[in-house]
Amino acid sequence: MIVFSFGITKSGSTLAFELAKGVATSAGYEQTLLPEELMYRDGRINFVQRQWPETLDQQVALTRDKLIIVKTHANQPYKWRKRFAEWAEQGLVGAHANSRDPRDICLSMLDAGVKARRNGRKAFADVVTLDDVIPRIQKQFKTFEQWRGLPNCLVLRHKENAENPDTAIARIARHLGVTCNAEAVKRHAFEDAFTQKNKAVPDRWRSELSEADLARLNEAFADYLTEESRSDPFEIEAAAS
C-alpha cells in the first residue's frame with residue numbers, strides 16, 4: 001500500500017510524514033525509495049509533487065506488497081477520486097491530511113521568508129507580509145479539503161503530533177493496520193529525522209500577532225475557525241479511527 005502524507009506548507013507536514021514513516025518502519029516495512037523518475041527534487045526521501053495522474057499507476061504497482069509513506073504537497077484533482085476510491089477499497093492506497101492552526105501557519109511562513117532572504121534562497125524569498133501569505137494558505141486549505149474528503153484518509157493534527165505524539169502514533173498505527181514500537185517511532189521522528197522544526201512554540205498567534213492582524217486572519221480563515229477556536233487552539237475534527 002502507498003500512503004500519501006499531505007500537509008499544507010509550514011503546517012508541520014514533515015513531522016507528520018516522519019511519524020508515519022517511523023510507524024511503518026517499526027512495523028517491519030522498510031521505506032525503500034521509489035524510482036528516481038517518480039520522485040521530486042533530489043530523492044533523499046519519498047517526496048512526490050507532480051504525480052497526478054501520469055505516474056500514479058506506477059506508484060501503486062510498485063507498492064502493492066509494501067507499505068510506503070510518501071510526502072506530498074500536491075493538488076489532488078477531482079478526476080482522480082474515483083480511481084483512488086477503487087484502490088482504497090482494495091487496500092492499495094491511503095492518505096494522511098495534516099492540519100494546523102492557519103494563524104500559526106502564516107507566522108511560520110513569514111519566518112521562512114526571512115530565512116530565505118537572509119540565506120539567499122529562492123523558495124519563500126518573496127514572502128514578506130501577510131498580503132503575500134494569506135492567499136497562498138487559503139488556496140492550500142482548499143487542497144487540504146480535497147485530501148480530507150478522500151476515502152481511507154486519516155486527518156492528523158500538528159498540535160497532537162508535536163505535543164502528544166503517543167496518541168498520534170497510536171492513531172497512525174491503527175489507520176495503517178500495524179503494531180509498532182512507539183518509543184522507536186519517537187526517536188526516529190524527534191531525534192534522527194530532519195523535520196524542519198522552526199520555533200517549536202505552540203499557539204504562537206496568541207502572543208505574536210497584533211490585534212489588527214489577528215482579526216484579519218480570523219476573517220480570512222473563518223471557515224476553519226469556529227467561534228470557540230478564535231481563542232482556543234485550532235483543531236479539525238479527526239477522521240474516525
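The values are calculated or read from the model by the stated rules, or taken from the named source; none is laboratory data. Quick caveat, the model's predicted, so the values are computed rather than measured. Methodologically, a virtual Cβ is constructed for each residue, glycine included, from the backbone with ideal geometry; neighbour enumeration extends over all protein chains shown. Note: areas computed on protein heavy atoms with side chains; ligands, DNA, RNA excluded. Shrake-Rupley method; radii C 1.70, N 1.55, O 1.52, S 1.80 Å.
Which condition breaks for residue 122 when tested against (1) of a type outside the set (S, T, N, Q); (2) closer than 28 Å to residue 24 by Cα; (3) out of contact with any Ser or Thr (no Cβ under 6 Å at 6 or more places or on another chain); (4) open to solvent by 30 Å² or more (accessible area, probe 1.4 Å)?
Of the numbered conditions (1) of a type outside the set (S, T, N, Q); (2) closer than 28 Å to residue 24 by Cα; (3) out of contact with any Ser or Thr (no Cβ under 6 Å at 6 or more places or on another chain); (4) open to solvent by 30 Å² or more (accessible area, probe 1.4 Å), the odd one out for residue 122 is (2).
So residue 51 clears everything in (1) modelled with pLDDT under 85; (2) surrounded by fewer than 19 Cβ atoms within 10 Å (Cβ to Cβ); (3) in contact with a Ser or Thr (Cβ under 9 Å, 6 or more places away or on another chain); (4) not small (Gly, Ala, Ser) except one condition, right? Which one?
(2)
Only one of (1) part of a helix (DSSP H, G or I); (2) touching a residue at least 24 places away in the same chain (Cβ under 8 Å); (3) more than 13 Å from the chain's Cα centre (by Cα) fails for residue 117. Which number is that?
Residue 117 satisfies every listed condition except (2).
For residue 156, which of the numbered conditions (1) without any contact (Cβ under 8 Å) to a residue 60 or more places away in the chain; (2) within 20 Å of residue 14 (Cβ to Cβ) fails to hold?
(1)
Mind listing just one residue for me: the one in region 89-114 that is open to solvent by 20 Å² or more (accessible area, probe 1.4 Å) and touching a residue at least 24 places away in the same chain (Cβ under 8 Å) and, of those, nearest to the chain's Cα centre (by Cα)? Step through it out loud before you land on a result.
The initial filter retains those residues of region 89-114 that are open to solvent by 20 Å² or more (accessible area, probe 1.4 Å), namely 89-91, 100, 110-111, 114.
Of the ones still in play, those that are also touching a residue at least 24 places away in the same chain (Cβ under 8 Å) are 89, 91, 100, 111.
Details: 89: 23, 91: 21, 100: 9, 111: 18 Å.
This residue is 100.
Looking for something modelled with pLDDT of 90 or more, surrounded by 11 or more Cβ atoms within 10 Å (Cβ to Cβ) and out of contact with any Cys (no Cβ under 7 Å at 6 or more places or on another chain) - is there at least one such residue anywhere in region 190-205? I'd like the intermediate steps shown before the answer.
Our first condition is that a residue be modelled with pLDDT of 90 or more; within region 190-205, this holds for 190-191.
Going one step further and asking which of them are surrounded by 11 or more Cβ atoms within 10 Å (Cβ to Cβ), we end up with 190.
Filter once more, keeping what is out of contact with any Cys (no Cβ under 7 Å at 6 or more places or on another chain): 190.
Yes, region 190-205 has at least one match.
Does region 54-83 hold any residues that are in a loop (DSSP other than H, G, I, E, B), at pLDDT 85 or above and either within 15 Å of the chain's Cα centre (by Cα) or closer than 13 Å to residue 5 by Cβ (or both), and which are they?
Across region 54-83, the qualifying residues are 67, 73.
Regarding residue 117, is this residue surrounded by fewer than 16 Cβ atoms within 10 Å (Cβ to Cβ) and not aromatic (Phe, Trp, Tyr)? Explain how you work it out, then say what you get.
Working: surrounded by fewer than 16 Cβ atoms within 10 Å (Cβ to Cβ): yes; not aromatic (Phe, Trp, Tyr): yes.
Criteria met by residue 117.
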